[in-house]
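To start, the structure itself, in structure tokens.
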Amino acid sequence: MAGKIKNTYPIKWIGLKPERFRKYRTWINNVRPGICGTYVGAVILHDAFNQKYGIELEKQKLISGLKTVIDDTFPYKGTFPWDVWHGLDWVLKDNSDFSVKMHFVPERKIVSLLNRKNPVPVAVGTATLFGSPYKNHWVVVYAYGYDQEGKLFFKAYDNHGRYTAVLPASQTIGCVWIEPN
């Protein structure tokens, strides 16, 4: 089955290059229960600062700090788009170089964000309800492509050690990104 799915992957990808996300293959979420929202928030924040200012924020400080405002803020279990948005927005509230945006239907929004002159990576939720093998999880999408049948796929960092993971867009819901101002 996996071979059949892999053969249907897109040949052409549009967006950012995988090499930009290679450094995150060691950013592996081993926490139980998982804090995938914190990890994707940390990656897109790290990437934004690296691209804008040329600096490398410290991974463990990012994870520790963002966990308090993404995964630990609200009393319910799990991470929703507004949790990731809230945490990043809180961290960037005094930084006029960036604003944090959120959308609930990722397909069109991600295509437009990655199709523009200066594309940005996007934190994207996956859903058990939509058949995602990741179940309810967060990834960072940085490229998209269509297979031969016109089905939309995303290329992503999955916070499990893969920075070139491929997943069908139909398995996703909710997205958050950092917009340069």
Practice item. Report the extension gain between L129 and K93 in nm, rounded to one decimal, defined as 0.36 nm multiplied by the number of residues separating them, less their alpha carbon distance. Key: 9.6 nm
Review point. Taking a probe of 1.4 angstrom, what is the accessible area of S112 in Å², to the nearest 10?
Key: 60
Revision key, fill the gap. Surpassing 31 Å at the alpha-carbon level, of the pairs K12/K77; K101/K155; K77/K117; K17/K61; K61/K135; K59/K93, are K12/K77; K77/K117
Review point. Tell me, what ³J(HN,Hα) does each residue in region 111-128 have, in order and in whole Hz, if you take phi through Karplus 6.51 cos²θ - 1.76 cosθ + 1.60 with θ = phi - 60° and put x for Gly and Pro?
Key: 4, 5, 5, 8, 8, 7, 4, 10, x, 10, x, 10, 6, 10, x, 10, 9, 4
Review point. Where does each of 140-148, 71-79, 15-23 land if you order them by average Cβ count within 10 Å, highest first?
Key: 140-148, 15-23, 71-79
Point to revise | Length-normalised contact order of the chain in % [C-alpha pairs under 8 Å, at least 6 apart] | key: 30
Review point. With axes computed from alpha carbons, what is the tilt in degrees of helix 36-53 against the longest principal axis of the chain, rounded to the nearest 10 within 0 to 90?
Key: 80
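If I compute solvent accessible area with a 1.4 Å probe over the protein chains, what percent of it on the chain is carbon and sulfur? Intermediate results must be reported in sequence, preceding the final value.
Details: 5220 of 9530 Å².
Answer for the chain is 55 percent, counting heavy atoms of protein chains only.
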Exercise for review: Arrange the peptides 49-60, 24-35, 113-124 so that the one whose residues have, on average, the most other Cβ atoms within 10 Å appears first.
Suggested key: 113-124, 24-35, 49-60
Practice item. Could you do me a favour and compute the accessible area per residue for region 1-149, 1.4 Å probe, result in Å²? Key: 57
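The values are calculated or read from the model by the stated rules, or taken from the named source; none is laboratory data. Here the structure is a predicted model, which is why all the values come from computation and not from measurement. Note that we place each Cβ from the backbone using ideal geometry, even for glycine, and neighbour counts take in every protein chain shown. SASA here: full protein model, heavy atoms, side chains in, ligands and nucleic acids out. Shrake-Rupley method; radii C 1.70, N 1.55, O 1.52, S 1.80 Å.
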